[in-house]
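Peer 1: Sharing a structure below in structure tokens format, with a few things to ask.
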Amino acid sequence: MGYDFELDGLASLVHPTFDLESTRGLGTIALSIDGRRVEAALIPGSQSCEYFLDVHPDLDGIGGIDARGELDRRERVFVACDGDLVFVHLRGCTHRIEAINALVKAQKDAAPSGGDDALRAPMPGVVVDVAVTVGAEVEAGALLLTIESMKLQTAIVAPTAGRVVELGLSAGSSFEQGAVLVRLEGLDTEEGEPQ
Amino acid sequence: MTSIPGIQKTLIANRGEIAVRVAKTLRKLGIASASVVHPQDADSPAARAVDEPCTIEGDTPVSAYLDGNQIIAIARRIGADSLHPGYGFLAENADFAEAVMEAGICWIGPPPAAIRLMGDKIESRRFTAERGIPLTPSVNEEDDPKTFAKRAIEIGLPLLIKASAGGGGKGMQIVRSERELGPAIELARSEAERYFADGRIFAERYVDQPRHVEVQILADGHGNVVHLGERDCSIQRRFQKLIEETPAPMMDDDLRSRICSQAVEVARAAQYQNAGTVEFVLAPNGEFYFLEMNTRLQVEHPVTEMVTGIDLVEEQLRIAAGQTLSFSQNEVRFDGVAIECRVCAEDPDQDFRPAVGRLLLVRPAEGEGLRFDGGIASGQEVSTAFDPMLAKVIAHGRDREEAIRRARRALRESVILGCTTNAAFLERILAHPDFAAGKVETGFIPAHASELGTFELSPDRRTAILAIAALSNRDFLERVRAVPEPYASMGAWQN
């Protein structure tokens, strides 16, 4: 499953690719960033929050391991995290990036307040397995179904305790981004209180 | 014994970077140091910079630092023989200064009478006008309401119609043509009544594209008054200074010497003692007018220190202890150019909205001619409880070009992580050709707003930043590591 990282008000999708073309050294990870493939490693330096970035292909002169594997163009950066926030100081400017869990975001984007919870697909994919039936009461964290998107599987779990009220898909069904995967109804403890 | 007879232990009645700054000089002189610390500042560099941090309390953090009685009680309790008020808070509160002195504590600042005189805009203008110091020409309505409009026009356009009891930019109307005068007067009067319950208004010549030029004064208790040069503080946003420099750019020596002499005259006439700053408005045509006098040490004092080599806090302590100034006007040396940039927790792209966050890294740039005056450290929480200024980045150079170059490098290489700051924005100002040419005036930032905005990131740059962010994010890395190696097993594996 990919991750949204928001930078300067724009969300970008970043995910590891694990394709066989990866030829760089240990610690280097092949990434797809908005569909663009790069290989990168972030090596800790000796000072607090100091790191050295290796990236291939080099980006605007940043990073760059040459063909012989020489590392003399590593870019020194400063990085620190606070929960989902990442602060990066690169080439004299500081940037603030927010990691957004795609599933949580899709729910936030789609869910109206109150009533029932619809869990929607953050990306197109296919259902691998369905773990519950309509009418089942589930606890928070219970596995509802397993989906696969871009060769990676994700477990869809109940965000809160509830009752399954809609389950239109079965193993093998494919879906579009935004499609309702499963709909839960909150187990109300008080009358009329929105979820 | 300390270096200054009579001053053994000083209480700093302030916080943040100025408390750190004053403590540095106290330590240098062997004077015991104490400061008042609100619990929210308990982990701050200011609390750690002094020998004896003392807790103060209040309904809000700001109210604690404004509680004069509590502060004086603490000074007595710990046996402080002197008190330095810093800037802001109670620094220009004449009643507090008097109370400090009545408690037998040496007040590191000007006499209360001078604070009172210069703290009242109307009084200080009257005082200086009587002594022939140039002021922006103005006329009061109440002197003769029937002829007010006529007298206003005689000042010359453009005009500002202002509320006498006004402040904060309220109750001011700009008049650029005779036609606008009548309605502007009506509006100014009604706003004055509504906001200040006082309908008195006056008209003042409005200087378009003014420069803000101020002069640093030092005066001892023996009649000696010197100036330490002028500072140009024209780069401002919302009437707050962001960049200050000395000497003022594009100023001929004759004008410089006249402004500085006027400042000394004002200080002398007011029988001023200790450090102070006389502020002027400089019009594009070279005329200048007295604006006000600040009876305290100012935020931007480091640029003066770097060019003259004088420790202003030390001079304040010596003067307060009754010493004579150790140098005459002729002995003051001015060497090179210094520029200060105020790094603030705010987002210039969001109309300078204050930013909050937990500081994760504070790493000042180091190098030739650089000075970093900050009251911040990693782990500190930046909130809206206090002023958004985090630190001052100051650069000195043999000439203005070198100072600008060093300041730009200092802003790029200083790293503050955890909170949005205006550091990159400040660097863009310094990089602007009009700044390099010395074409500074108080409307600089709005005038160049479109050129000063954040550049859009190139796709390559964006990709690099995102790669770094992804490789730093714990969740992301866990996902990466969870996939079994080698990547040859196709099919189902749990993410």
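Peer 1: Restricting attention to segment B:338-355, report how many residues are touching a residue at least 12 places away in the same chain (Cβ under 8 Å), farther than 16 Å from B:Ala391 by Cβ, out of contact with any helix residue (DSSP H, G or I) (no Cβ under 6 Å at 6 or more places or on another chain) and not aromatic (Phe, Trp, Tyr).
Peer 2: 2
Peer 1: Right, here's the next one. Answer with yes or no whether B:Gln236 is surrounded by 20 or more Cβ atoms within 10 Å (Cβ to Cβ) and part of a strand (DSSP E or B).
Peer 2: Spelling it out, it is not the case that B:Gln236 is surrounded by 20 or more Cβ atoms within 10 Å (Cβ to Cβ) and part of a strand (DSSP E or B).
Peer 1: If you don't mind, there's one more thing I want to ask. Is it the case that A:Ala106 is at pLDDT below 80, crowded, with 20+ Cβ neighbours inside 10 Å and either under 25 Å from the mean Cα position of the chain (by Cα) or within 12 Å of chain B (Cβ to nearest Cβ) (or both)?
Peer 2: yes
Peer 1: Also: Within segment A:115-179, considering only strands (runs of 3 or more DSSP E) that don't extend past its boundaries, which have at least 2 residues that are over 24 Å from the mean Cα position of the chain (by Cα), surrounded by 14 or more Cβ atoms within 10 Å (Cβ to Cβ) and at pLDDT 80 or above?
Peer 2: In segment A:115-179, A:162-166 are the strands (runs of 3 or more DSSP E) which contain 2 or more residues that are over 24 Å from the mean Cα position of the chain (by Cα), surrounded by 14 or more Cβ atoms within 10 Å (Cβ to Cβ) and at pLDDT 80 or above.
Peer 1: Please give the helices (runs of 4 or more DSSP H) falling wholly within segment B:80-181 in which 1 or more residues are touching a Pro at 6+ places or on another chain (Cβ under 6 Å). Before the answer, list the steps.
Peer 2: Values: elements: B:94-102, B:112-119, B:121-130, B:148-155.
Where helices (runs of 4 or more DSSP H) fall fully within segment B:80-181 and carry at least 1 residues being touching a Pro at 6+ places or on another chain (Cβ under 6 Å), they are B:94-102, B:148-155.
Peer 1: Scan (1) without any contact (Cβ under 8 Å) to a residue 40 or more places away in the chain; (2) crowded, with 19+ Cβ neighbours inside 10 Å; (3) under 30 Å from B:Pro284 (Cβ atoms) for the single condition B:Ile174 breaks and write down its number.
Peer 2: Just one mismatch for B:Ile174, condition (2).
Listed here are the residues, each with its yes/no results for (1) of a type in the set (Gly, Ala, Ser); (2) surrounded by 21 or more Cβ atoms within 10 Å (Cβ to Cβ); (3) under 20 Å from the mean Cα position of the chain (by Cα).
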| site | (1), (2), (3) |
| --- | --- |
| B:Gln350 | no, no, no |
| B:Ala365 | yes, no, no |
| B:Gly369 | yes, no, no |
| B:Thr384 | no, no, yes |
| B:Ile394 | no, yes, yes |
| B:Ala410 | yes, yes, yes |
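Peer 1: Which count do you get for residues in segment B:64-94 that are of a type in the set (S, T, N, Q) and closer than 16 Å to B:Pro111 by Cα?
Peer 2: Of the residues in that region, 2 qualify.
Peer 1: Has segment B:322-337 got at least one residue that is touching a residue at least 12 places away in the same chain (Cβ under 8 Å) and either closer than 30 Å to A:Gln47 by Cα or part of a strand (DSSP E or B) (or both)?
Peer 2: Yes, segment B:322-337 contains a residue that is touching a residue at least 12 places away in the same chain (Cβ under 8 Å) and either closer than 30 Å to A:Gln47 by Cα or part of a strand (DSSP E or B) (or both).
Peer 1: Sticking with this structure for a sec: Which count do you get for residues in segment B:409-430 that are over 21 Å from A:Cys49 (Cα atoms) and within 9 Å of chain A (Cβ to nearest Cβ)?
Peer 2: 1
Peer 1: Return yes when B:Leu297 is under 17 Å from the mean Cα position of the chain (by Cα), among the hydrophobic types (A, V, I, L, M, F, W, C) and not in a strand (DSSP E or B) and no when it is not.
Peer 2: yes
Peer 1: Identify the residue in segment B:185-225 that is among the acidic types (Asp, Glu) and not in a strand (DSSP E or B) and, among all such residues, is nearest to B:Tyr289 (Cα to Cα). Lay out the reasoning, then the answer.
Peer 2: Here is the first cut: in segment B:185-225, the residues among the acidic types (Asp, Glu) are B:186, B:191, B:193, B:198, B:204, B:208, B:214, B:220.
Still in the running and not in a strand (DSSP E or B): B:186, B:191, B:193, B:198, B:208, B:220.
Working: B:Glu186: 27, B:Glu191: 26, B:Glu193: 28, B:Asp198: 26, B:Asp208: 13, B:Asp220: 26 Å.
Checking each candidate, the answer is B:Asp208.
Peer 1: So is A:Leu71 modelled with pLDDT under 90, within 17 Å of the chain's Cα centre (by Cα), away from chain B (no Cβ under 14 Å) and not in a helix (DSSP H, G or I) or not? Can you show your working first?
Peer 2: On the way: modelled with pLDDT under 90: yes; within 17 Å of the chain's Cα centre (by Cα): no; away from chain B (no Cβ under 14 Å): yes; not in a helix (DSSP H, G or I): yes.
Taking the combined requirement at face value, the residue does not satisfy it.
Peer 1: A further question on this structure: Within segment B:129-142, identify whether any single residue is over 30 Å from B:Gly86 (Cα atoms), of a type in the set (A, V, I, L, M, F, W, C) and at pLDDT 85 or above, and answer yes or no.
Peer 2: yes
Peer 1: Against the condition aromatic (Phe, Trp, Tyr), surrounded by 16 or more Cβ atoms within 10 Å (Cβ to Cβ) and either over 30 Å from A:Ser12 (Cα atoms) or within 14 Å of chain A (Cβ to nearest Cβ) (or both), how does B:Phe455 come out, does it pass?
Peer 2: Spelling it out, it is not the case that B:Phe455 is aromatic (Phe, Trp, Tyr), surrounded by 16 or more Cβ atoms within 10 Å (Cβ to Cβ) and either over 30 Å from A:Ser12 (Cα atoms) or within 14 Å of chain A (Cβ to nearest Cβ) (or both).
Peer 1: Residue by residue through segment B:32-46, note down the ones that are surrounded by fewer than 20 Cβ atoms within 10 Å (Cβ to Cβ) and part of a helix (DSSP H, G or I).
Peer 2: Keep residues of segment B:32-46 that are surrounded by fewer than 20 Cβ atoms within 10 Å (Cβ to Cβ), which gives B:32, B:39-40, B:42-43, B:45.
Within segment B:32-46, B:Pro39, B:Gln40, B:Pro45 qualify.
The values are calculated or read from the model by the stated rules, or taken from the named source; none is laboratory data. Everything quoted here is computed from the prediction, not taken from an experiment. FYI the Cβ positions are ideal-geometry reconstructions off the backbone, even for glycines, and counts take in every protein chain you see.
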